[in-house]
Amino acid sequence: MKATLTGKYESIKNFPTASLTVDTKVGDVKLKASVPDFVVADGRPSLSSLLSFALEKPGSFSIDYSHKNDVKFQFMNSVKVLEKAVDLTYTHARKENRTAVEGAVALDASNKIAVSNVLGTEEWKVRYTYAHGALRRTVIEPCYDVKANAWDVAVTRKFERGNAVKATFRTSSRSVDLEWTGDIPLNTTIKISGSINMAEKIAVPKLTAETTWSYEI
């Protein structure tokens, strides 16, 4: 059994939040229970949400029940098309009555393309992923939103020891996101991110610091 505790502080809020996840494996299936976003004020935790549950088999299916009383089903499969493996993902959110389908194919070790659509809508997205270099540590991901007629571009640079820096630019909102993640001893991961909306008259950066601890119980 594995327990994961994440603490987060955002500059736009005046209090830290935390989330706790516990998962265990039963054969090929993983059972997960989590308490997302409980508030930590004056050193005392206060629940602002209820338990969420998930049952999943990696690469096959997942069923999630959230604290918002919504159930989400996701099914994954792979088929051969012109000697290429196409990964298919079907996602349905019951409460929102929203169904999305995505198909992704790896053209080679460095190039991948994915197309997604929300059924019954004009919400189409096309994402291209290019991993540069022999170790493929620099990843460039342009994404085109057909309905919004807008581009997002993300660039990630991975380093040794689990460190990575990611920059994202969204043309629709004219926002820039910067994110750094790193691993430190004792099964701990740190993430520091910042976001700024250049469309605002007075652009105020939004900063977030997040630490995750993982334990085997």
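Here are the numbers for the structure shown:
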quantity: Environment charge of Val153, counting only residues whose C-beta is closer than 9 Å and scoring Lys/Arg +1, Asp/Glu -1; calculated: -1
quantity: Mean-position separation - Cα centroids, segment 51-100 and segment 188-217, in angstrom; calculated: 27
quantity: Proximal aspartates and glutamates relative to Lys25, as straight alpha-carbon distance under 13 Å, when same-chain residues fewer than 8 apart are discounted; calculated: Glu56, Glu216
quantity: Size of charge dipole - segment 102-217 - debye, nearest 20, with Cβ of Lys, Arg +1 and Asp, Glu -1, no other charges; calculated: 320
quantity: Order by protection proxy (mean Cβ within 10 Å, highest first), peptides 77-87, 179-189; calculated: 179-189, 77-87
quantity: Theoretical gain in end-to-end length, His92 to Thr121 [0.36 nm per residue, Cα-Cα removed]; calculated: 9.0 nm
quantity: Computed lengthening from Asn197 to Phe169, 0.36 nm per intervening residue step minus Cα-Cα distance; calculated: 9.1 nm
quantity: Table column - 3J(HN,Hα) (Hz), segment 54-62, Karplus curve with 6.51, -1.76, 1.60, x for Gly and Pro; calculated: 8, 10, 8, 10, x, x, 10, 7, 8
quantity: Neighbourhood charge, 12 Å Cβ-Cβ cut-off, centred on Ile63 and excluding it, Lys, Arg +1 and Asp, Glu -1; calculated: +2
quantity: Cα pair distances in the chain, grouped into 10 Å bins until the bin that holds the longest one, percent each; calculated: 7, 21, 34, 32, 5, 0
quantity: Proximal charge balance of Ala3 [Cβ under 13 Å; K/R count +1, D/E count -1]; calculated: 0
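Rule-based calculations on the coordinates, nothing more; no lab input. Computed from a predicted model, the values in this text were never measured in an experiment. Cβ atoms come from the backbone with ideal geometry, glycine included; neighbour counts cover every protein chain shown.
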